[in-house]
1. Kindly list the number of the only condition in (1) of a type outside the set (Ser, Thr, Tyr); (2) open to solvent by 50 Å² or more (accessible area, probe 1.4 Å); (3) not in a helix (DSSP H, G or I) that fails for Phe11.
2. Checking Tyr120 against (1) farther than 18 Å from Cys88 by Cα; (2) without any contact (Cβ under 8 Å) to a residue 40 or more places away in the chain, which test does it fail?
3. Filter region 515-543 down to the residues that are touching a Pro at 6+ places or on another chain (Cβ under 9 Å) and either in contact (Cβ under 8 Å) with a residue 24 or more places away in the chain or surrounded by 20 or more Cβ atoms within 10 Å (Cβ to Cβ) (or both), then identify the one that is farthest from Pro504 (Cα to Cα).
4. Search region 507-552 for residues being of a type in the set (Gly, Ala, Ser) and in contact with a Phe, Trp or Tyr (Cβ under 7 Å, 6 or more places away or on another chain), and hand back the single one that is farthest from Glu288 (Cα to Cα).
5. Please verify whether Ala197 is open to solvent by less than 40 Å² (accessible area, probe 1.4 Å) and either under 26 Å from the mean Cα position of the chain (by Cα) or not assigned by the TED database to the domain that holds Asp122 (or both), treating the condition exactly as stated.
6. So for region 197-212 (the condition being more than 24 Å from Met406 (Cβ to Cβ) and among the acidic types (Asp, Glu)), does at least one residue qualify?
7. Which residues, counting only those in region 102-124, are crowded, with 20+ Cβ neighbours inside 10 Å and among the hydroxyl-bearing types (Ser, Thr, Tyr)?
8. Going by the structure shown, is Gly114 in a strand (DSSP E or B) and on the phi > 0 side of the Ramachandran plot?
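The values are calculated or read from the model by the stated rules, or taken from the named source; none is laboratory data. If you're wondering where the values come from, they're calculated on a predicted model, not measured in any experiment. Using ideal geometry, Cβ is built from the backbone for each residue, glycine included, and neighbour counts are taken over all protein chains shown. Heavy atoms of the whole protein, side chains included, go into the accessibility calculation; ligands, DNA and RNA do not. Shrake-Rupley method; radii C 1.70, N 1.55, O 1.52, S 1.80 Å.
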Amino acid sequence: QEDLEALIAEFQSLDAKKTQVIESSCPPPSPRLNGSLSAHPEKDELILFGGEYFNGQKTYLYNELYVYNIRKNSWSKVEIPNPPPRRCAHQAAVVPTAGGQLWIFGGEFASPNGEQFYHYKDLWVLHLATKTWEQIKASGGPSGRSGHRMVACKRQLIIFGGFHESARDYIYYNDVYAFNLDSFTWSKLVPSGIGPAPRSGCQMATTPEGSIVIYGGYSKQRIKKDVDKGTLHTDMFLLKSEGVGKEEDKWAWSRLNPSGVKPTPRSGFSTAVGPSNRSLLFGGVHDEEEEESIEGDFFNDIYFYDMGKKRWFPGQLKGPKSEKRRRRRGRQAEAEGAEDEEMEKQQPQGPVEIIKEVVAEDGTVMTIKQVISGPAEEKERSESEEEEEDGALGQQVEPCPRSNAMLAVKHGVLYVYGGMFEVGDRQFTLSDLYSIDLHKMEEWKVLVEMDPKAQEWLEESESDEDEEEDDMEGAEGGEEEEESSEEESEDDGAGEEQHPSVQPGEKHLEYLSRTEQYWVKLSRSNMGPDAKEKVVVKVAHAMAKTFYEDSV
């Protein structure tokens, strides 16, 4: 702990030497995860602060401030004297006061070897109009933590949950604190009712009425010496203010039982609040904890929660064919949030299984890509038409599956920056930027591209070079290839000419259906008899896809 505090102090002394604000245009920020991305309340700008990066041997923490100009699609770096120390897994909240304020609380600093952690309990405000950082020293606030959540609610910042980890132990929190933005004082809330179990990384959103919605999150418990059991929470709660006047701090917990299609269980998802009173959740990972290792399914899907209707639904891309469909229905234009109404209207017309299929297949990201724009009313389409559309959708731009990305919403457009995914023991950290118009939900746009192939990885291993080539293909194609990278590299030496060849003009799905049994058998022989069937099939499909793409 002393070592880390000394390191933090050293960094701060370097920062203290800066005496003036320096703003300079720059290339897009380097790859990172667990930073914060916030929309400026007055300007068409996004503000990126903090985050972390791991290159296989060393962990890097950041406290730079970057500003993304939405109209110009350009980045600038803003160096402001005396910033908060480097950190990740903090929280940021924007309020419109005095030209805009960006509030930062907590987070963690890690030693370069990633084995020691220092958890902050400091509170900072960035005055956006004057470009000055200020540390707010007020007693009675939360203990040091990271992975907590913070939202602005009326004239307060509300903080919930998080965790603290030391070399020997860890603790997860479910306490609630309020910071009053007028009096600059902390108070610990003691809500009535039964609230959420301790957790970190949940979804926290403010309703227009001033209540707070909590969903999901992650926690772990020690079940015996050196054995931890992780829990993916999928429950949902409402924290409601019941007091008025002097009793403003009187709050109550109640459990929510939403309707609709809830997100599949996951951790590391990112959250934001969109238009039409909807909070949203993007990406994340579902770790299958095998005895030997943890294998992760990474996601790139969006789920919306309608706070008024208390209803979840998956965000379905309409795709380029949506114009034709609208004309066929005789609609001139779509109102805000018509995707919600569409789903309700379509259910009687088409088979509900189509919508359920999105969730059932959710862990297989490639399937989501293909199903996502096919609404239920098109069940009459022939298989060949579906395959054609699937092939076309495969070409559509979208963020690769990831966890711990940074999100912001401005003018009804969602921006997704960075994050990470894993391939075997290797971590890929991202620096790309995507956007999608949440009103239209038609297509993703790529604003900053990134090629994960270029990323250094300093883990030393004899087979690294062979595996890296396959890992890279997985990096571009999404999660299916990622999981199969090691199997593919083992298979490379077997001689590709033995695989069933692709026939002239044959589409990917046609090739897959014709040769699926071969690839499943090959995948099973590589992975052994104990591998789960679901994973074997997923790897088989990924191997077939890689071979198909190499052949075409």
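1. That leaves (3) as the condition not met.
2. Unmet for Tyr120, out of (1) farther than 18 Å from Cys88 by Cα; (2) without any contact (Cβ under 8 Å) to a residue 40 or more places away in the chain: (1).
3. As a first pass, look at region 515-543 and keep what is touching a Pro at 6+ places or on another chain (Cβ under 9 Å): 515, 518-519.
After this cut, where a residue has to be either in contact (Cβ under 8 Å) with a residue 24 or more places away in the chain or surrounded by 20 or more Cβ atoms within 10 Å (Cβ to Cβ) (or both) as well, the list is 515, 519.
Details: Thr515: 15, Trp519: 20 Å.
The extreme case among them is Trp519.
4. If we filter region 507-552 for residues that are of a type in the set (Gly, Ala, Ser), which is where we start, we get 513, 523, 525, 528, 531, 540, 542, 544, 551.
Now narrow it down to the ones that are in contact with a Phe, Trp or Tyr (Cβ under 7 Å, 6 or more places away or on another chain): 540, 544.
Numbers: Ala540: 18, Ala544: 23 Å.
This residue is Ala544.
5. Values: open to solvent by less than 40 Å² (accessible area, probe 1.4 Å): no; either under 26 Å from the mean Cα position of the chain (by Cα) or not assigned by the TED database to the domain that holds Asp122 (or both): yes.
No.
6. Residues of region 197-212 that are more than 24 Å from Met406 (Cβ to Cβ), as a first pass: 197-198, 208-211.
Going one step further and asking which of them are among the acidic types (Asp, Glu), we end up with 209.
For region 197-212, residues more than 24 Å from Met406 (Cβ to Cβ) and among the acidic types (Asp, Glu): present.
7. Tyr118, Tyr120
8. Working: in a strand (DSSP E or B): no; on the phi > 0 side of the Ramachandran plot: yes.
Considered against the rule, which asks whether it is in a strand (DSSP E or B) and on the phi > 0 side of the Ramachandran plot, Gly114 comes out as no.
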